[in-house]
1. Under the Karplus relation 6.51 cos²θ - 1.76 cosθ + 1.60, θ = phi - 60°, what is the ordered set of whole-Hz ³J(HN,Hα) values for region 42-50, x standing for Gly and Pro?
2. Ordered by residue, what ³J(HN,Hα) values in Hz, to whole numbers, does region 61-70 give under the Karplus form 6.51 cos²θ - 1.76 cosθ + 1.60, where θ = phi - 60° and Gly and Pro are x?
3. Could you sort 63-69, 103-109 so that the peptide with the highest average Cβ count within 10 Å comes first and the rest follow in order?
4. Highest first, please rank the peptides 145-153, 26-34 by the mean number of other Cβ atoms sitting within 10 Å of their residues.
5. Taking amide H positions as placed 1.01 Å from N in the peptide plane, with prolines and chain starts having none, which residues 5 or more places from residue 26, or on another chain, fall under 5 Å of its amide H?
6. Would you kindly derive the ³J(HN,Hα) couplings of region 139-151 from the backbone phi angles with the Karplus curve 6.51 cos²θ - 1.76 cosθ + 1.60 (θ = phi - 60°), listing them in order in whole Hz, with x for Gly and Pro?
7. Give me the 1.4 Å probe accessible area per residue for the chain, excluding ligands and nucleic acids, in Å².
8. Which option, (i) 42, 38, 27; (ii) 39, 34, 28; (iii) 53, 48, 35, is the value of Cα extents along the principal axes in Å that was calculated from these coordinates?
Amino acid sequence: LVGQRQPAFRFTARTEMEFNPMQDGEEAGLCVRANEGNHYEIGVRKVDGKTQLFVRNRIMNREYLMAEEPVVSDKVHSDRVQLEISGSEDKYQFAWSADGKAWSTLAVSPSADLSREKAGGFTGTTLGLYATANGKDSQAYADFTWFELSPEVVPEQGSLTRRPSP
């Protein structure tokens with residue numbers, strides 16, 4: 001994880017990433033993190049031999065898969081994708097784009113779950129880039145072309161996504 005503190009309630013964080021997971025368990029993307037037991041991610045991963053975009057919430061060490069969508073050639077034209085987390089006073093929204101112009105929202109989650117009142121701690125949340133093979137040896141790499149964090153810039157946000165059972 002490489003990140004920086006969330007500077008304001010209202011923001012947009014974006015990155016462009018090239019990533020081709022080679023084996024199950026490899027993933028990379030953009031995250032908002034309070035601590036080890038409380039964080040949200042949007043990224044690309046390999047599961048059951050298939051590459052997919054996903055949004056995951058981890059709250060009090062319980063994991064919730066909020067959204068998943070197969071990476072198919074008519075949507076993502078290569079291993080390159082742009083990812084976005086936008087925040088407001090009460091929500092985090094997770095979106096992706098193949099070209100940086102047309103954005104598709106995958107999920108919207110409550111920001112309160114990562115607040116210091118619910119997650120504990122005292123330093124606030126961090127936004128950043130991450131990559132993992134989840135404990136396995138790996139030859140895959142994630143190449144992040146750029147990262148931008150824009151305080152007070154927020155796209156229109158949707159309704160909260162229903163959280164499934166962990």
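1. Per-residue couplings from phi come out as 10, x, 10, 8, 10, 9, 6, x, 10 Hz.
2. 6, 10, 9, 10, 8, 7, 7, 8, 8, x
3. Numbers: 63-69: 15.7, 103-109: 19.4.
Highest mean packing first, the order is 103-109, 63-69.
4. My ranking of the peptides, most packed first, is 26-34, 145-153.
5. Excluding prolines and chain starts, which carry no amide H, the hits are 46.
6. For region 139-151, the Karplus-derived couplings read 9, 6, 9, 10, 10, 8, 6, 7, 9, 9, 10, 10, x Hz, x marking Gly and Pro.
7. 52
8. Read-out taken from this structure: (ii).
The values are calculated or read from the model by the stated rules, or taken from the named source; none is laboratory data. For clarity, every value in this text was computed on a predicted model and none was experimentally measured. Virtual Cβ from ideal backbone geometry, glycine too; neighbours counted across all protein chains shown. Areas reflect the complete protein model, heavy atoms only, side chains present, ligands, DNA and RNA absent. Shrake-Rupley method; radii C 1.70, N 1.55, O 1.52, S 1.80 Å.
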